[in-house]
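A.B. asks: Input: one structure, supplied below.
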Amino acid sequence: GKEARYCLCWAQIMSSDFSHATPPSADAYPRAILEWLALAHGRTGAEDAGELCRQLRLLRESPIPTGQRIDLLDLLHKHAERIVNAEFPTLREITLPVPRRVRQRGGTIQEILEMLVQEYLNTLAELFDPQRKTSLMAPAEALAQAMQGIGWHIRLSQLIAAPAGVGIWRQLHATYRTARRLGLADTPGRDDGPSVQQTYIQILLAAIAQPASFSSSELAFIADYIATSVRFIDIFENPPLDRTGVFWLDLDQDFPACALTRRMPGGDTLALYFACDLVARDIREHLAALTKGASAADLELPPFADTPAGRGVLRRLGQLWGQPKTRKFPRRRQSYRVNLCAGLEQLWHLIRHRENEGQISEWMVTNESPDGYSLMHMSGPTAHVRVGDIVAVQPTGERAERIPNWHVGIVRWAISENPEHIELGMQQLASHAIAAEVIRPQESEAGNLTALILPEIPPMRNSPALVAPAGRLSEQDKRLILLIENDHFGVREVRPTAITEQTSSIEIFSVAPDERL
């Protein structure tokens with residue numbers, strides 16, 4: 001197996017006589033690296049990240065032959081892989097802003113990855129030396145390892161809701177361009193791993209899925225789904241006119257791919273293209289099967305697909321990849337303050353008991369459109385703010401309304417460039433909401449469920465909607481009783497007609513009056 005191969009490689013290096021290739025003093029660095037690897041073998045924690053950076057610097061300073069350099073680099077890469085794979089799960093439940101220690105640890109790991117990538121790319125010059133007899137397999141493996149390292153770097157940024165580092169996309173494009181120029185883009189990676197082009201497409205797919213609009217657990221599912229369930233995607237030099245869901249990329253720019261429907265490449269751009277319509281069709285088929293009762297295991301999908309949030313992610317991926325939309329309305333720059341309440345429970349209590357303000361924070365509206373707002377955090381708690389959750393804002397100061405009201409929406413994206421800074425995008429759902437309790441007659445012993453009723457807003461929404469905690473209600477529920485205590489007590493009987501939103505936090509159902517009334 002792979003671990004056995006590395007152990008064999010390790011033994012070969014330990015038995016190597018470095019003095020034949022280098023002066024005696026040059027032996028010290030490689031042996032120091034090997035001694036550290038022996039001590040660190042099997043450890044997975046991020047506490048080794050700083051020391052691993054030091055070992056990579058030692059390797060960079062070591063005047064050893066390229067073959068031995070690659071062997072050492074592979075061992076260091078293997079240890080970095082353990083650190084990265086141990087770090088990803090710890091980022092699934094973080095809140096915004098990301099704590100400073102988490103961001104610093106992530107920054108150290110990204111520094112390791114940058115060094116690994118650069119070291120692999122540096123080996124290419126010697127591997128293609130005309131005086132050196134070598135197969136093209138070694139360059140293909142070096143390019144695949146570099147591509148994987150860049151992918152991990154970008155994914156770490158996505159998980160901590162931060163922009164990718166300056167130049168990282170350009171380096172990704174340059175690595176793919178090199179592999180393409182050398183005819184190695186489709187060569188399988190080490191141990192039959194993904195080729196450079198497969199890894200490249202996987203990274204691009206995750207990026208065009210708008211990662212800032214998903215929670216960390218949803219991003220982990222997207223990565224698993226792309227790796228295990230997405231078909232091979234071709235890259236074209238000309239736009240495929242018979243396809244939909246077409247995206248283009250410029251290998252000279254520091255940006256991921258862009259949907260052709262949103263923006264066309266410039267006339268002097270040497271663009272490449274790929275289409276996601278077939279992937280979107282596969283997603284629709286997976287969703288249809290899940291809706292009919294198939295399990296994620298039956299479909300060979302990641303287990304998260306069995307959850308309401310997983311189905312919601314698939315529904316959004318089908319739209320983002322297969323039917324990328326243009327912006328409906330222009331944004332207007334603004335600069336006024338609002339109070340924000342986040343979370344279904346918090347907002348329910350705020351509406352039901354207006355004298356109890358709960359977890360309120362202050363934000364600045366930086367731009368707005370009829371669809372919603374972009375907000376920048378000013379002060380107050382943010383632990384309840386999560387992508388995909390329900391929130392409400394209320395203008396203050398000069399923009400305060402004569403009759404104060406809470407405008408309800410959903411957090412569509414969030415970014416945090418540093419521990420003191422958060423920005424989020426809120427899609428507006430309603431100008432107000434009604435707090436309700438839901439009784440399910442068929443499960444009356446389960447107790448009442450807190451929910452919000454959103455009024456219809458033609459033409460955006462032609463029927464009322466019900467916001468409930470994720471996984472508590474179903475489209476198959478035939479009858480729901482809503483208890484409303486506003487200015488007076490009221491009872492409504494409704495039935496869900498369709499589900500319009502599913503996230504890790506909430507689900508939104510369109511509802512209609514029970515026909516039996």
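The values are calculated or read from the model by the stated rules, or taken from the named source; none is laboratory data. Just so we're clear, the structure is a prediction, and the values are computed from it rather than from any experiment. For neighbour counting, all protein chains shown are included, and Cβ atoms are generated from backbone atoms with ideal geometry for every residue, glycine included. For accessibility, only protein heavy atoms count, side chains too; no ligands or nucleic acids. Shrake-Rupley method; radii C 1.70, N 1.55, O 1.52, S 1.80 Å.
A.B. asks: Taking the options Gln334, Gln319, Gln323, Gln346, name whichever one is touching a residue at least 60 places away in the same chain (Cβ under 8 Å) and over 12 Å from Gly425 (Cα atoms).
C.D. replies: Just one listed residue meets the conditions, Gln323.
A.B. asks: For residues that are closer than 20 Å to Pro419 by Cβ, open to solvent by less than 20 Å² (accessible area, probe 1.4 Å) and not hydroxyl-bearing (Ser, Thr, Tyr), tally how many sit in region 364-386.
C.D. replies: Within region 364-386, residues that are closer than 20 Å to Pro419 by Cβ, open to solvent by less than 20 Å² (accessible area, probe 1.4 Å) and not hydroxyl-bearing (Ser, Thr, Tyr) number 2.
A.B. asks: Here is a further query. So which residues in region 174-199 are charged (D, E, K, R) and outside any helix (DSSP H, G or I), if there are any at all?
C.D. replies: Answer for region 174-199, where residues must be charged (D, E, K, R) and outside any helix (DSSP H, G or I): just Asp186.
A.B. asks: Same structure again: Could you check how many residues of region 497-517 are over 27 Å from Trp413 (Cα atoms) and either at pLDDT 90 or above or touching a His at 6+ places or on another chain (Cβ under 7 Å) (or both)?
C.D. replies: 2
A.B. asks: Working carefully through the options Asn418, Asn462, Asn448, Asn486, find the one that is closer than 22 Å to Leu219 by Cα, open to solvent by 40 Å² or more (accessible area, probe 1.4 Å) and at pLDDT below 90.
C.D. replies: Asn418 is the lone residue from the list that is closer than 22 Å to Leu219 by Cα, open to solvent by 40 Å² or more (accessible area, probe 1.4 Å) and at pLDDT below 90.
A.B. asks: I need the full set of residues from region 489-509 which are closer than 27 Å to Val387 by Cβ and either aromatic (Phe, Trp, Tyr) or open to solvent by less than 20 Å² (accessible area, probe 1.4 Å) (or both), in order please.
C.D. replies: Scanning region 489-509 gives Pro496, Gln502, Thr503, Ile506, Glu507, Ile508, Phe509.
A.B. asks: Do the conditions hold for Gln202, that is, is it open to solvent by 20 Å² or more (accessible area, probe 1.4 Å) and in a helix (DSSP H, G or I)?
C.D. replies: The answer is yes for Gln202.
Table: residues versus (1) touching a residue at least 24 places away in the same chain (Cβ under 8 Å); (2) in a helix (DSSP H, G or I); (3) of a type in the set (Ser, Thr, Tyr).
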{"residue": "Ala32", "(1), (2), (3)": "yes, yes, no"}
{"residue": "Leu37", "(1), (2), (3)": "yes, yes, no"}
{"residue": "Thr44", "(1), (2), (3)": "yes, no, yes"}
{"residue": "Pro63", "(1), (2), (3)": "yes, no, no"}
{"residue": "Val117", "(1), (2), (3)": "yes, yes, no"}
{"residue": "Leu124", "(1), (2), (3)": "yes, yes, no"}
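A.B. asks: Still on this structure, please answer the following. Out of (1) among the aliphatic types (A, V, I, L, M); (2) in contact with a His (Cβ under 7 Å, 6 or more places away or on another chain); (3) open to solvent by less than 40 Å² (accessible area, probe 1.4 Å), what's the single condition that is false for Ala309?
C.D. replies: Single failed check for Ala309: (2).
A.B. asks: For Ile403, state whether it is without any contact (Cβ under 8 Å) to a residue 24 or more places away in the chain and either surrounded by fewer than 20 Cβ atoms within 10 Å (Cβ to Cβ) or at positive phi (or both).
C.D. replies: Yes.
A.B. asks: On to the next question. Would you point out the residue of region 205-224, among those that are in a loop (DSSP other than H, G, I, E, B) and among the small types (Gly, Ala, Ser), that is most open to solvent (accessible area, probe 1.4 Å)?
C.D. replies: Ser215
A.B. asks: Answer with yes or no whether Val230 is under 28 Å from Ile506 (Cα atoms) and touching a helix residue (DSSP H, G or I) at 6+ places or on another chain (Cβ under 7 Å).
C.D. replies: When the stated conditions are applied, Val230 passes them.
A.B. asks: Scan Ala206, Ala212 and give me the residue that is aliphatic (A, V, I, L, M), at pLDDT below 95 and under 21 Å from the mean Cα position of the chain (by Cα).
C.D. replies: Being aliphatic (A, V, I, L, M), at pLDDT below 95 and under 21 Å from the mean Cα position of the chain (by Cα) holds for just one of Ala206, Ala212, which is Ala212.
A.B. asks: Name the single residue that is nearest to the chain's Cα centre (by Cα) among those in region 246-268 being surrounded by 16 or more Cβ atoms within 10 Å (Cβ to Cβ) and in a loop (DSSP other than H, G, I, E, B).
C.D. replies: Ranking the qualifying residues of region 246-268, first place goes to Pro256.
A.B. asks: Right, something else. With region 456-513 as the region, which strands (runs of 3 or more DSSP E) entirely inside it contain at least 1 residues that are within 31 Å of the chain's Cα centre (by Cα)?
C.D. replies: Ranges flagged: 465-469, 489-502, 506-513.
A.B. asks: While we're looking at this one, here's another question. Kindly indicate whether any position in region 428-439 is farther than 25 Å from Asn486 by Cβ, in contact (Cβ under 8 Å) with a residue 24 or more places away in the chain and open to solvent by less than 10 Å² (accessible area, probe 1.4 Å).
C.D. replies: Checking region 428-439: not a single residue is farther than 25 Å from Asn486 by Cβ, in contact (Cβ under 8 Å) with a residue 24 or more places away in the chain and open to solvent by less than 10 Å² (accessible area, probe 1.4 Å).
A.B. asks: Oh, and also: Taking the condition of being open to solvent by less than 80 Å² (accessible area, probe 1.4 Å) and either assigned to a loop (DSSP other than H, G, I, E, B) or acidic (Asp, Glu) (or both), how many residues in region 281-296 meet it?
C.D. replies: Result for region 281-296: 5.
A.B. asks: Looking only at region 20-30, filter to residues that are surrounded by fewer than 17 Cβ atoms within 10 Å (Cβ to Cβ) and assigned to a helix (DSSP H, G or I); which one of those is modelled with the highest pLDDT?
C.D. replies: For region 20-30, the residue satisfying everything is Ala28.
A.B. asks: Would you check if Ile410 is among the β-branched types (Val, Ile, Thr), open to solvent by less than 40 Å² (accessible area, probe 1.4 Å), within 17 Å of Cys341 (Cβ to Cβ) and in contact (Cβ under 8 Å) with a residue 60 or more places away in the chain?
C.D. replies: yes
A.B. asks: Looking at region 176-196 only, could you name the residues that are farther than 21 Å from Val84 by Cα and either crowded, with 21+ Cβ neighbours inside 10 Å or small (Gly, Ala, Ser) (or both)?
C.D. replies: Result: Tyr176, Ala179, Gly183, Ala185.
A.B. asks: Exactly one condition in (1) farther than 24 Å from Ser217 by Cα; (2) open to solvent by 10 Å² or more (accessible area, probe 1.4 Å) is not met by Arg101; state its number.
C.D. replies: All conditions pass for Arg101, except number (1).
A.B. asks: Within region 442-479, how many residues turn out to be out of contact with any helix residue (DSSP H, G or I) (no Cβ under 8 Å at 6 or more places or on another chain) and more than 20 Å from His353 (Cβ to Cβ)?
C.D. replies: Adding up the residues that qualify gives 22.
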